[in-house]
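Chemist: Here it is, the structure in full.
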Amino acid sequence: MNFNIQNSFTSALPGDSLLENKSRQVEGAGYSYVIPRKASSPKMVHFAKELATDCGWTLQDLQSDWMLSLLSGNEIHPESKPYAMCYGGHQFGHWAGQLGDGRAINLFEHIHNGHRFSFQLKGAGPTPYSRNSDGLAVLRSSIREYLCSESMHYLGIPTTRALSIITTGDEVLRDILYDGHPTMEKGAIVCRLAPSFIRFGNFEIFASRKDINNLKLLTDYTIQYFYPHITSHDNTKYLDFFKEVCQRTIELTLNWQRVGFVHGVMNTDNMSILGLTIDYGPYGWVEDYDPNWTPNTTDAQGKRYRYGNQGNIALWNLVQLANALYPLIEDVPALEEVLENFQSTWEDQYSAMLARKLGLNTSENDHKKLALELTKLLAEVETDMTIFYRLIAHAEKTMINTDVFQLISSAFYNLEVMSEEIKIKWQNWIDRYLNCINADANSDLERKTKMNNLNPKYILRNYMAQLAIDAAEKEDYSLIEELYTMLKKPYDDQPEYEKWFAKRPEWARTKIGCSMLSCSS
Ligand code: AMP
Ligand code: MG
């Protein structure tokens, strides 16, 4: 098995001088060395074959005892020195101080075909950043992270990846509803891969401690390795870097809106500096279109991280990053200009994205307006977002209003409750849509193809992940395999998986894990 190991992050920044693995404040360092806890009886649940291939490894490599030991944290690669990163963060709008990798341990960076894969074990035991928690993860949350990160990748959306999921053979105590009823659950470890796991919070912690020296080292490292095309100098270099992070964050958030993904905990410690989706906790997928929906029970009151607010929150988080980078840039008007630009770009790109989802012309203001108005209509009665966009792609120029309404009717959760008033609104909207597509040069087939490449047919609905979890608790991993395989082609029609192109079943409406998720993981 071929490893090409580098430890660029730990070479670029100073480490914690204390080696003791005890919860504490770590100052003047970017990370602490830490050894993963030994898993008593690790067993592979699933691994991502394609990702293993991308790393230059075979199926046999992944199935070997050595790999199981490595990916469970039981063996350390001799060329590596595992570590946990120090970062801070704004949580739910407030500065939370030091957070750090409380249950993630970075192993090494493996380079293959010019790609850098940083390896990280989530749930491999406590670190100095565990804040007196156990540093472990349970099987249910690990399955959710594993399946969703791979699904996100195949949707074409930047994300951290998941190479493997392993049960440790150890039990973990969790109070899933935080209501004083803790139970023992199966422990698991996901091996996550990304070019880097650096977050906004890594910059914020140094800035908060006025540790400008390390702030600069971290920023220079990030630019050198992950934004190497930035060739400007001094303060301009850091401003250019910030601009690019803004751009990537806009793109990421627009992509989430496009497919109906709600991150659930967009704290600044969960924002990747590379614009990747990171930290799959109480996330969810919009089923009936509702901009106010959040899957996270912890956020049920303020709904800060609701679907319709993700663009605003991305901007808010970028303001925090701007504050953190300020000592390197020292130019308030320039930073303000970048942030203002974010806001106007966001609005324009958001409506253009919505128009594209409908196969409409993004340079026509009328088309963008129609696409925006649709989002209001979708929210008026329970309408399945994913199903709606797939069905409307079958519209044809020669159709009449009732044909189109008939086409989309199975996207409504309960057509019978639709009032006459709303029906009329739909008829008006459909008339205008038919006018738009008739004025367009694209053929019906061209439009449909474009739309289907943007509107996924298969998403990891919350109840689907829960079914896979329920089976896995009984050591039946077949549903993980089925969903994993299906989600590799989210935009294709896959007749063998037609049963997953369906509205959420009624039983899932209120079930824990399906409609509401706590942060317990
Ligand atoms: P999250 O909201 O899951 O992104 O986590 C916020 C912070 O809590 C991060 O610093 C995590 O590393 C830490 N954390 C979450 N769960 C645990 C755990 N079971 N043990 C130790 N630290 C944890
Ligand atoms: Mg986190």
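Derivation of every value follows stated rules applied to the coordinates shown; laboratory data play no part. These numbers were taken from a predicted model, which means no experiment stands behind them. As a convention, Cβ positions derive from the backbone with ideal geometry for all residues, glycine included, and neighbour counts pool all protein chains shown.
Chemist: Cα to Cα, under 15 Å, and not fewer than 8 places away if on the same chain: which aspartates and glutamates meet these conditions relative to K303?
Modeler: D290
Chemist: Moving on. Sort S141, S443 so that the residue with the fewest other Cβ atoms within 10 Å of its own Cβ comes first and the one with the most comes last.
Modeler: Numbers: S141 25, S443 12.
Going from sparsest to densest Cβ surroundings: S443, S141.
Chemist: What number does the stretch 462-508 give for Rg over Rh if you use C-alpha atoms and the Kirkwood radius?
Modeler: Working: Rg = 11.3 Å, Rh = 11.5 Å.
Here the Rg-to-Rh quotient is 0.98.
Chemist: Here's another thing I want to ask about it. Suppose only helical runs count, i.e. DSSP H with n ≥ 4. What mean residue ellipticity at 222 nm does that imply for the chain under -39500 (n - 2.57) per run, divided by all residues and rounded to the nearest 500 deg cm²/dmol?
Modeler: On the way: 17 runs with 218 residues, N = 521.
The helix-only estimate for the chain comes to -13000 deg cm²/dmol at 222 nm.
Chemist: Above 27 angstrom, tally the Cα pairs of the stretch 204-355 and express them as a % of all pairs, no decimals.
Modeler: 26 percent
Chemist: Further question: Relative to the first principal axis of the alpha-carbon coordinates of the chain, what is the inclination of helix 234-259, with its axis defined by its Cα atoms, in degrees from 0 to 90 and to the nearest 10?
Modeler: The helix 234-259 is inclined about 50 degrees to the chain.
Chemist: Can I ask one more? Please list, ordered by chain and number, the residues whose modelled amide H lies under 5 Å from the amide H of G97; skip anything fewer than 5 residues away on the same chain.
Modeler: G89
Chemist: Return the long-range amide H neighbours of D170 (sequence gap of 5 or more, or a different chain), with a cut-off of under 5 Å between placed amide H atoms.
Modeler: The answer is S40, S41, G187.
Chemist: Output wanted: per-residue J couplings in Hz (rounded whole) for the stretch 121-129, from phi through Karplus 6.51 cos²θ - 1.76 cosθ + 1.60, θ = phi - 60°, x for Gly and Pro.
Modeler: Each residue's phi maps through the Karplus curve to give 9, 9, x, 9, x, x, 9, x, 9 Hz.
Chemist: Using a 10 Å cut-off on Cβ atoms, rank the peptides 118-127, 504-513, 341-350 from the highest mean neighbour count down. Walk me through the numbers before you get to the answer.
Modeler: Values: 118-127: 25.9, 504-513: 13.4, 341-350: 15.1.
Output ranking for 118-127, 504-513, 341-350: 118-127, 341-350, 504-513.
Chemist: In percent, how large is the relative contact order of the chain, given Cα pairs closer than 8 Å and 6 or more residues apart?
Modeler: Relative contact order, the chain: 14 percent.
Chemist: Kindly state, to the nearest 0.05, the FRET efficiency for E347 paired with N428, given R0 = 35 Å and r defined as their beta-carbon distance. Please list the in-between numbers first.
Modeler: Details: r = 24 Å, r/R0 = 0.69.
E between E347 and N428, to the nearest 0.05, is 0.90.
Chemist: Now for a separate question. Please identify every one of the GluC sites (Glu not before Pro) in the stretch 9-85 that sits in a loop by DSSP and has no more than 10 other beta carbons within 10 Å of its own beta carbon.
Modeler: Loop-located and lightly packed - E20.
Chemist: If one computes the Cα centroid of the stretch 426-504 and of the stretch 389-420, what distance in Å separates the two points?
Modeler: What the calculation gives is 17 Å, centre to centre.
Chemist: Send over the per residue convex hull volume for the stretch 418-488, Cα only, as a whole number of Å³.
Modeler: 113 Å³
Chemist: Which FRET efficiency, nearest 0.05, do W316 and D290 yield, Cβ-Cβ r, R0 30 Å?
Modeler: 0.90
Chemist: Where does each of M418, M271 land when they are ranked from fewest to most other beta-carbon atoms within 10 angstrom?
Modeler: With the fewest neighbours first, M418, M271 line up as M418, M271.
Chemist: Short version: ³J(HN,Hα) in whole Hz for each residue of the stretch 360-374, in order, from phi by Karplus 6.51 cos²θ - 1.76 cosθ + 1.60 (θ = phi - 60°), x for Gly and Pro, what are they?
Modeler: Once θ is set to phi - 60°, the couplings for the stretch 360-374 become 9, 7, 6, 8, 9, 4, 4, 5, 5, 5, 4, 5, 5, 4, 4 Hz.
Chemist: Whole Å is fine, so just give me how far the alpha carbon centre of the stretch 134-182 lies from that of the stretch 290-313.
Modeler: Each part's Cα centre sits 21 Å from the other's.
Chemist: Largest first and in whole Å, what are the equivalent-ellipsoid semi-axes of the stretch 5-200 based on the Cα gyration tensor, each being the root of 5 times an eigenvalue?
Modeler: Computed over the stretch 5-200, the values are 24, 22, 17 Å.
Chemist: Now for a different question. Taking the beta-carbon count within 10 Å as an exposure proxy, list R140, R248 from fewest neighbours to most.
Modeler: R248, R140
Chemist: If you don't mind, another one. 5 Å is the cut-off here: which amide hydrogens, built 1.01 Å from N in the peptide plane, fall below it relative to T277, excluding neighbours closer than 5 in sequence?
Modeler: Distant-sequence amide H within range of T277: T159, T160.
Chemist: Looking at the stretch 426-480, which GluC sites (Glu not before Pro) are DSSP coil and have at most 15 other C-beta atoms within 10 Å of their C-beta?
Modeler: Passing sites in the stretch 426-480 are E475.
Chemist: Report the gain in length on full extension from E79 to E498: 0.36 nm times residue separation, minus Cα-Cα distance, nm rounded to one decimal.
Modeler: 146.1 nm
Chemist: Taking the Cα centre as origin and putting +1 on Lys and Arg beta-carbons and -1 on Asp and Glu beta-carbons, what dipole magnitude results for the chain, to the nearest 20 debye?
Modeler: Around 380 debye, computed over the chain.
Chemist: Across 5 Å bins from 0, what is the distribution of all Cα-Cα pair distances for the stretch 176-223, in whole percents?
Modeler: Each 5 Å bin holds this share of Cα pairs: 5, 15, 17, 11, 8, 10, 13, 10, 9, 1.
Chemist: Rounded to whole Å, give me the distance from the Cα center of the stretch 1-70 to that of the stretch 196-210.
Modeler: 21 Å
Chemist: Turning to a different aspect of this structure: Using only the alpha carbons, work out the radius of gyration and Dmax of the chain in angstrom.
Modeler: 23.5, 73
Chemist: For R209 and L59 in the same chain, what is the full-extension length gain: residue separation times 0.36 nm, less their Cα-Cα distance, in nm?
Modeler: Stretched fully, the R209-L59 segment lengthens by 49.4 nm.
Chemist: Using θ = phi - 60° and the Karplus form 6.51 cos²θ - 1.76 cosθ + 1.60, what ³J(HN,Hα) does each residue of the stretch 158-174 get, whole Hz, x for Gly and Pro?
Modeler: So the Karplus estimates, Gly and Pro as x, are x, 7, 5, 9, 10, 8, 8, 10, 10, 8, 8, x, 10, 9, 10, 8, 9 Hz.
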